[in-house]
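What follows is a set of notes on a single structure, which appears directly below.
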């Protein structure tokens, strides 16, 4: 073992280290252990490397299979205790941060409106590269300050629209966070509140963005008729910036979900032409901006819902283009969650085309993501990908079966 390997081993949890040592001492491969305890070997490898922490049942099964006499169970319990301690410290840190923010924003020195606006813009951009949970916390803190200002009338006569705009954008961040965490009901409540703010601020830009987000939530719920109605209402207004492009691509997704290949492709083509006509930039970046990469991503995510063939070929190209564009973007504009989903969409298109090797290569980076990056959308779309692996087209394929096992291990 070289010094680099030794350094990595020191960072592994005790349970994973001990599991690997006991397995290799017996001369067993990962497959040997996997066959005995009925867990995927890829999952076992991640446990040994400390990339996943298993349930207690895993420790008990491995302890029995390796005849460890309780050593593995004891190591698991020690690691579990450390994880609980770390979680407790994390909660304490969050509470202390909240209290510090309250201290900073005492009556003697509250955040100025410009500072609040700047912090909101930073959250909107930071969301692209940060897991949803910390973004949710930041947005809640900022919204509390904005709502306090509104309730206590701490604004100048000409600032009320600006304050509603700030609150509306924070509601947008909360909506995205809730949806990425899998709570569509909470996401819609936040989006509805954002719409109220958009109307009171008189912002067509925010109004169009909210309608696109409400359509997104409806699609998450598989309510495609409502999703289409939200998009159509958004398109009735004069939406500046890239908001109209987002709505057109949402329109394409709705038509694809409803099985309309021609309507979906026409909407995507219309969005491509509309990009050339955008004359003013979005007033806020991050999740409120519809980048070129995002447009290709939407195209790929739309066309995979059709019957394959030319639609699947275009979906694979569009998703690949989105991935390439994001890889070459600076960190502040690179949407990591969407980039991950683009891999799933590309893999799904390849499965539709019968290209299992290409599909496996496409989703491989997703199977190696840390848990905090595996947002609800990824699990939702991987479920469909996994169901296709189990379909008649790939019946009897050893490679498809192994990929299915790896996907299932993500949920363990």
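The values are calculated or read from the model by the stated rules, or taken from the named source; none is laboratory data. All values reported here derive from a predicted model rather than from experimental measurement. All Cβ positions, even for glycine, are placed from backbone atoms using ideal geometry, and neighbour counts span all protein chains on display.
Identify, by number, the condition in (1) within 31 Å of the chain's Cα centre (by Cα); (2) farther than 23 Å from residue 410 by Cα; (3) part of a helix (DSSP H, G or I); (4) at pLDDT below 85 that residue 143 doesn't meet.
Going through (1) within 31 Å of the chain's Cα centre (by Cα); (2) farther than 23 Å from residue 410 by Cα; (3) part of a helix (DSSP H, G or I); (4) at pLDDT below 85 one by one, residue 143 breaks only (4).
Residues are listed down the side, and each one gets a yes or a no for (1) assigned to a helix (DSSP H, G or I); (2) within 26 Å of residue 259 (Cβ to Cβ); (3) in the same structural domain as residue 135 (by TED's automatic domain parsing):
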position: 187; (1), (2), (3): yes, yes, yes
position: 194; (1), (2), (3): yes, no, yes
position: 207; (1), (2), (3): yes, no, no
position: 213; (1), (2), (3): yes, yes, no
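Yes or no: the stretch 302-312 includes at least one residue that is at pLDDT below 90 and within 20 Å of the chain's Cα centre (by Cα).
Within the stretch 302-312, not a single residue is at pLDDT below 90 and within 20 Å of the chain's Cα centre (by Cα).
Starting from residues that are assigned to a helix (DSSP H, G or I), touching a helix residue (DSSP H, G or I) at 6+ places or on another chain (Cβ under 8 Å) and surrounded by fewer than 17 Cβ atoms within 10 Å (Cβ to Cβ), keep the ones in the stretch 46-63 and report whichever is modelled with the highest pLDDT.
The extreme case among them is 60.
What residue, among those in the stretch 391-412 that are under 25 Å from the mean Cα position of the chain (by Cα) and not in a helix (DSSP H, G or I), is modelled with the highest pLDDT?
Restricting to residues being under 25 Å from the mean Cα position of the chain (by Cα) and not in a helix (DSSP H, G or I), the top hit is 411.
Out of everything in the stretch 362-382 that is part of a helix (DSSP H, G or I) and over 17 Å from residue 300 (Cα atoms), what residue ends up being farthest from the chain's Cα centre (by Cα)?
Among residues in the stretch 362-382 that are part of a helix (DSSP H, G or I) and over 17 Å from residue 300 (Cα atoms), the one farthest from the chain's Cα centre (by Cα) is 364.
Name the residues in the stretch 368-384 that are touching a helix residue (DSSP H, G or I) at 6+ places or on another chain (Cβ under 8 Å) and closer than 23 Å to residue 45 by Cα, would you?
Correct list: 369, 372, 373, 374, 375, 378, 379, 382.
Determine, yes or no, whether residue 325 is over 28 Å from residue 43 (Cβ atoms) and modelled with pLDDT of 90 or more. First the steps, then the outcome.
On the way: over 28 Å from residue 43 (Cβ atoms): yes; modelled with pLDDT of 90 or more: yes.
So residue 325 passes the test.
From the list 226, 222, pick out the single residue that is outside any helix (DSSP H, G or I) and at pLDDT 90 or above.
Matching residue, one of 226, 222: 222.
Only one residue in 172, 129 is surrounded by 19 or more Cβ atoms within 10 Å (Cβ to Cβ) and touching a residue at least 60 places away in the same chain (Cβ under 8 Å). Which one?
172
Out of curiosity, is residue 163 assigned to a helix (DSSP H, G or I), modelled with pLDDT under 90 and surrounded by 15 or more Cβ atoms within 10 Å (Cβ to Cβ)?
When the stated conditions are applied, residue 163 does not pass them.
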